[in-house]
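Derivation of every value follows stated rules applied to the coordinates shown; laboratory data play no part. Keep in mind that this is a model prediction, so the values were computed, not measured. FYI the Cβ positions are ideal-geometry reconstructions off the backbone, even for glycines, and counts take in every protein chain you see.
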């Protein structure tokens, strides 16, 4: 047997092992419904699925594989009716499968399933997009999950828009044509071009810059495949360029070298986001995300920040004179507030230690036990807004969320002291909080200079009270030093002018808390978040399994080394 024949057999055995039968379509632009899929029309798999119509209990691996096979074959054949009948939402699925052909202009598609993982089946789509005589290839990976249908017990594809494309969200659509906004050529502070190919996580940022400034920079549109957002004010997310347009140019305050370091950092962890800002100017130096959904969580996320919020809480307590960095503060194992018991990680306690130690070791009870002395549930929200700019209308140059610390009461007010409850933040907000603590003055973060388009930036009514910034910096340095919760990540960061704060935030319905980290070195402040990353190093014992050290160090040490910073 010759080598080619042997290779063909081995390849066939491999595909059989991983379930990789490819379903191909060569006439998607024609009538739907035929048997155009390689390997049959999926009728056998559909029969297997139908035989389980009255079954109960968990979906079996055999059922999941058969249902996925039938669905992918029908989709590949362009049979939107048949594909939709194999899902939990026939109306939405039928519209999406039909739109794949008519809206995205897919003229050919080969869909190859991968190795099932229980009831989840990954697959690869290799398609061709054709529009007015131009054809370009498009390849991506997605996955589907099979569940038991309500009432019938039949195994069905749990319908989600992401089945069609992993970045599709509810009410979004794939579209091919000539977009309204011309492309833009974004450059960094030194005039170096920033592309989505070189900096993949910048794609949503570049899309937002295009929507905001595309028509103002003199460019002309080409032909593209994009994701049409559900909200009218959201930017289109470009996926593929078929015909190049003429871009206009927009200058940002990003730094290409810093961005490269941030991209490398987030690539290590799924669902990770990081932002770096310059405290002396408010310039955003880098924005990076590593997410399947393509969402710019670094600037638009809304998550509880956990103990990184203690920077703001500490500032409020210091301003009110309730604590001082070197004054003793109780840190019991637990504390109760209006019927709810709060505790420290692993129920640790500290006795006779200064408040700075409670901050460095992230003692929850030391903060919450002081709520009665403050006697004002609006105190924390006021300081967050008036001194740290949280909740003001930030105008960074692209859409962003500027954080929220609402006035609450009861246990919810106590939870806000440690960054839980109703508080919502993202890495941009936390990086800005660290920058404000570093300098004592809020400078609204910007991605594009306000002088470019004359927009008015948000400004706080006041600076931090005298001496508060110095105490915050001292406590953050202690948190980054021996015995502090951030010691693991910051140990490799050179020099003594460095500080940090770790955090973890419980999220309803999540199996693991979100991980947070923020810190400064020189004239760089950075914040990072990993959704579902686990505890954020609230004790040294909990640090080891937490992955943030490999994210935080590039976000602080590398970024600081790459940025040309003025004297603070």
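Estimated from the Cβ-Cβ distance and a Förster radius of 51 angstrom, the FRET efficiency linking residue 341 and residue 196 is about 0.60. For the pair residue 216 and residue 334, the difference between a 0.36 nm per residue extended length and the Cα-Cα distance amounts to 36.8 nm. Distance between the modelled labels on residue 349 and residue 246, one decimal in nanometres: 7.5 nm (7 Å Cα→Cβ projection). Of the residues 443, 438, 455, the one with the fewest other Cβ atoms within 10 Å heads the list, and the complete ranking is 455, 443, 438. Among DSSP bridges having both ends in segment 258-562, what percentage is antiparallel? Round to the nearest 5. Rounded to the nearest five, the antiparallel share is 95 percent. Looking at segment 184-252 alone, DSSP beta bridges between its own residues are antiparallel in about 65 percent of cases. Shape descriptor for segment 184-252: Rg over Rh equals 0.94 (Cα atoms; Rh from the Kirkwood inverse mean 1/r). Counted over all Cα-Cα pairs of segment 79-200, pairs farther apart than 23 Å make up 43 percent. Calculated on the Cα set of segment 368-466, radius of gyration then Dmax: 14.5, 48 Å. Exposure proxy shown here: for 501, 136, the number of other Cβ atoms within 10 Å sets the order, fewest to most, as 136, 501.
Taking the fewest neighbouring Cβ atoms within 10 Å as the starting point, the ordered list for 385, 302, 462 is 462, 302, 385. Can you compute the label reach from residue 91? Point 7 Å from Cα along the Cβ direction, backbone N cut-off under 16 Å, restricted to segment 121-160. Backbone N within reach: 159-160. Multiplying the residue separation of residue 126 and residue 178 by 0.36 nm and removing their Cα-Cα distance gives an extension gain of 16.5 nm. Between residue 451 and residue 230, what is the FRET efficiency for a Förster distance of 30 Å, r being their Cβ-Cβ separation, to the nearest 0.05? Calculated transfer efficiency: 0.35. One Cα centroid belongs to segment 249-290, the other to segment 468-530; the line between them spans 17 Å. Calculate, in nm to one decimal, what residue 135 and residue 466 gain on full extension: separation in residues at 0.36 nm each, minus their alpha carbon distance. Gain on extension, residue 135 to residue 466, equals 112.8 nm. Measuring how big segment 67-144 is from its alpha-carbon positions, Rg and Dmax come out at 12.7, 42 Å. Approximating the spin labels as points 7 Å out from Cα along Cα→Cβ, the residue 372-to-residue 115 distance works out to 5.8 nm. In this structure, residue 60 and residue 293 have a Cβ-Cβ separation that, at R0 = 30 Å, corresponds to a calculated FRET efficiency of about 0.55. With the simple spin-label model, which puts each label point 7 Å out from Cα in the Cβ direction, the residue 492 to residue 267 separation comes to 1.6 nm. Shown here is the pair-distance distribution of segment 258-562: with all Cα-Cα distances grouped in 20 Å bins from zero up to the longest one, the shares run 39, 58, 3 percent.
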